[in-house]
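Below is one structure; the comments refer to it alone.
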Amino acid sequence: MGLVSVLRGHEKEVWTAAFDSSGRRVFSGGVDGAVRSWDWSAGTDRVLDRHDGEVVGLAVSRDGRSLASAATDGTIRVADTGGETKPVVLRGHERVVWSAEFSPDCRWLAGASRDGTLRVWDLTGAAATLVRQADAEQIRDVTVSPDGRRLATGGQDGTVRIWPVSGGDGTVRLWRCTACEPIDDLLTRVDRPLAGE
């Protein structure tokens with residue numbers, strides 16, 4: 001099998017790439033902090049967004065409208081793949097965010113971080129953000145089940161953990177995604193679904 005295309009534009013190493021659902025566009029990120037959108041067949045690109053740190057993870061929403069980028073600056077940025085609206089910056093992780101993943105319905109997004117937390121942001125702004133402490137030094141990856149009810153994380157401690165998206169035991173911190181700021185700094189235990197579930 002031969003090479004189809006070589007895309008050049010990043011100034012330094014590229015750490016991550018992701019296709020959109022059509023397969024016509026590919027997105028990339030790396031050490032230079034740029035998130036690039038490529039029409040790979042034409043070899044053209046544009047900078048879709050930029051982090052203050054290295055981009056280490058990318059995820060494209062199922063509907064192809066949004067791209068989440070995870071970075072060493074501790075943020076996840078959600079960009080409009082068409083470049084028509086300003087990216088939303090999700091803050092809260094205290095260290096590198098290794099990966100992010102959209103829910104199947106594109107209504108929420110999960111982030112996995114070196115700070116040992118798994119955060120779930122409601123992108124509609126209707127509910128608070130769920131935070132789970134993984135009791136591991138680092139969570140390196142997160143994925144969402146096809147039905148959107150569970151998350152699986154991979155950790156540096158050699159474990160894979162399965163989490164409910166809402167309810168059950170866990171440590172939560174409330175965040176308001178529309179402002180991307182904490183509602184308060186209190187950690188609370190919950191045994192019921194969050195509002196809006």
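The values are calculated or read from the model by the stated rules, or taken from the named source; none is laboratory data. All values reported here derive from a predicted model rather than from experimental measurement. In this analysis, Cβ positions are derived from the backbone assuming ideal geometry, glycine residues included, and neighbour counts consider all displayed protein chains.
Among (1) in contact with a strand residue (DSSP E or B) (Cβ under 6 Å, 6 or more places away or on another chain); (2) surrounded by 14 or more Cβ atoms within 10 Å (Cβ to Cβ), which single condition is GLU13 missing?
(2)
Applying the selection to the stretch 95-112, what residues are part of a loop (DSSP other than H, G, I, E, B) and crowded, with 20+ Cβ neighbours inside 10 Å?
Filtering the stretch 95-112 down to residues part of a loop (DSSP other than H, G, I, E, B) leaves 95-96, 103-107.
Result: VAL96, SER103.
Quick grid of which residues meet (1) under 23 Å from ARG8 (Cβ atoms); (2) in contact with a helix residue (DSSP H, G or I) (Cβ under 9 Å, 6 or more places away or on another chain); (3) among the basic types (Lys, Arg):
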residue: ALA18; (1), (2), (3): yes, no, no
residue: GLY33; (1), (2), (3): yes, no, no
residue: ASP45; (1), (2), (3): yes, no, no
residue: ASP49; (1), (2), (3): yes, no, no
residue: LEU58; (1), (2), (3): yes, no, no
residue: ARG95; (1), (2), (3): no, no, yes
residue: PHE102; (1), (2), (3): no, no, no
residue: GLY111; (1), (2), (3): no, no, no
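Give the residues of the stretch 66-94 that are assigned to a loop (DSSP other than H, G, I, E, B), touching a Gly at 6+ places or on another chain (Cβ under 9 Å), free of Cβ contacts under 8 Å to residues at least 60 places away in the same chain and surrounded by 15 or more Cβ atoms within 10 Å (Cβ to Cβ), sorted by residue number. Quick ask: steps written out before the conclusion?
Our first condition is that a residue be assigned to a loop (DSSP other than H, G, I, E, B); within the stretch 66-94, this holds for 72-75, 81-87, 91-94.
Within this subset, residues satisfying the condition of being touching a Gly at 6+ places or on another chain (Cβ under 9 Å) are 72-75, 81, 91-94.
Narrowing the set further to residues that are free of Cβ contacts under 8 Å to residues at least 60 places away in the same chain leaves 72-75, 93-94.
Correct list: THR72, ASP73, GLY74, THR75, HIS93.
If a residue has to be of a type in the set (Lys, Arg) and modelled with pLDDT under 85 to count, how many in the stretch 108-118 make the cut? It would help to see each step written out before you state the result.
Pass one, the stretch 108-118, residues of a type in the set (Lys, Arg): 114.
This time we only want the ones that are modelled with pLDDT under 85, so: none.
Qualifying residue count, the stretch 108-118: 0.
Give the stretch 1-30 a look and list any residue that's within 17 Å of the chain's Cα centre (by Cα) and without any contact (Cβ under 8 Å) to a residue 40 or more places away in the chain, or say none.
Correct list: VAL26, SER28, GLY30.
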